[in-house]
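What follows is a set of notes on a single structure, which appears directly below.
The values are calculated or read from the model by the stated rules, or taken from the named source; none is laboratory data. All values reported here derive from a predicted model rather than from experimental measurement. Neighbour counts run over all protein chains shown; Cβ positions are idealised from the backbone, glycine included. Just the protein is used for accessible areas: all its heavy atoms, side chains included, with ligands, DNA and RNA removed. Shrake-Rupley method; radii C 1.70, N 1.55, O 1.52, S 1.80 Å.
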There are 2 protein chains.
Amino acid sequence: MARSPTTSDAFAAIAEPRRREILGVLAGSDGERDVTWLVEELGWPQPQVSKHLSVLREVGLVRVVRKGRRRMYSMNGEELRPVYDWVKTYERFWNHQLQRLKERAERMEREAKRKGPPSSHQTPPVNPDSN
Amino acid sequence: MARSPTTSDAFAAIAEPRRREILGVLAGSDGERDVTWLVEELGWPQPQVSKHLSVLREVGLVRVVRKGRRRMYSMNGEELRPVYDWVKTYERFWNHQLQRLKERAERMEREAKRKGPPSSHQTPPVNPDSN
DNA sequence: CGAATATATCCCTATATCGGAATATGTCAA
DNA sequence: TTGACATATTCCGATATAGGGATATATTCG
């Protein structure tokens, strides 16, 4: 087997920087855009733009409607949601400061209610099967 | 030129589902994990696990420390932040319902304050994803 | 030292990419 | 119809992957 096709997934499709760039300009410009407009905006050869658009199309990240001899592309960002949901799972890794503050605050609150002495307890094992 | 190497980017590295799976089990288990543990947990041949770990290592998504003859891997989620930040800029695409509600609420509030008649105004064209 | 354990690396094959260049397809206009 | 314009597709070459299998490198133990 080889690498997974770029068209298998939103994850695979956005692995290519140029494709992200296309999405960027498409989302930045309100509404629909011409291929020619994209070509001029990006400054790449037209076939390249078309090929990348083809990948994005196949994954559903962009939509097309034919308008005369032009094809109007627009972004379909909802297809990025799986990526968002996945990466959001790891939010705690860069929010740990905030999270620690929050946990500490909650701990203090609980202890204040109980009127017990403050415990110098480590962060409780969120995930138990630590060895 | 060929496709961008999987080691060029967090984007490229997580394009492979197996790599996401590794991150999943690593993040799920608190702290550090053995390669052998990963092999048993995932049920893949050991060289595959090692090879994927190598990619993740090179991108900085995991960290290793040698402990005797074992190598303890742990997740370094901060490296996912660029992905998060990028995808977050498209949040409005799946939050538009929420956003419309919010905008409508704010509009009503403003109008109530002014005691003017309710305007049947369309959402201001932040993003005209009107079809 | 020699054996066992833990992990990484090497070799191989099939596959798919990306870019470049040329060309095909489709549509409007005179 | 002929030609101009807009876009997609095809062919090419270089590259790199992912998985399979074998093996190399370390490290601990007896």
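In whole percent, and with a 1.4 Å probe on the protein chains, what portion of the accessible area of segment A:10-82 is carbon and sulfur?
Of all accessible area on segment A:10-82, carbon and sulfur atoms account for 42 percent.
Taking a label point 7 Å from Cα toward Cβ, how far is A:Gly68 from its twins in the other copies, in nm, shortest first?
The projected label point of A:Gly68 is separated from its counterparts by 7.5 nm.
With each pseudo-label sitting 7 Å past Cα toward Cβ, what's the A:Arg63-A:Ser8 distance in nm, one decimal?
In this crude label model, A:Arg63 to A:Ser8 measures out at 2.8 nm.
Measuring from a point 7 Å out along Cα→Cβ, what nm distances, shortest first, does B:Arg20 have to its partners in the other copies?
1.6
Taking 7 Å along the Cα-to-C-beta vector as the label spot, tell me the B:Met1-A:Thr89 distance in nanometres, rounded to one decimal.
Placing both labels 7 Å along Cα→Cβ, they lie 3.2 nm apart.
Whose amide H sits under 5 Å from the amide H of A:Val62, counting only residues 5 or more places off or on another chain, with H placed in the peptide plane?
So A:Val62 has HN proximity to A:Arg57, A:Asn76.
Once the label point is placed 7 Å from Cα along Cβ, list for B:Ser54 the distances to the corresponding points in the other copies, in nm, shortest first.
Counterpart label points of B:Ser54 in the remaining copies fall at 3.3 nm.
Within segment A:1-80, which trypsin sites (Lys or Arg not before Pro) sit in a loop by DSSP and count at most 10 neighbouring Cβ atoms inside 10 Å?
A:Arg69
Per 10 Å bin, what is the whole-percent P(r) computed from every C-alpha pair distance within segment B:1-60?
Cα pair-distance distribution for segment B:1-60, in percent: 22, 54, 21, 3, 0.
Take the alpha-carbon centre of segment B:25-68, take the same for segment A:2-70, and report the distance between them in whole Å.
If we compute the Cα centre of each part, the gap is 35 Å.
Could you give the nm distance between label points at A:Glu78 and A:Thr36, where each point is 7 Å from its Cα heading toward the beta carbon?
Placing both labels 7 Å beyond Cα along the Cβ direction yields 3.2 nm.
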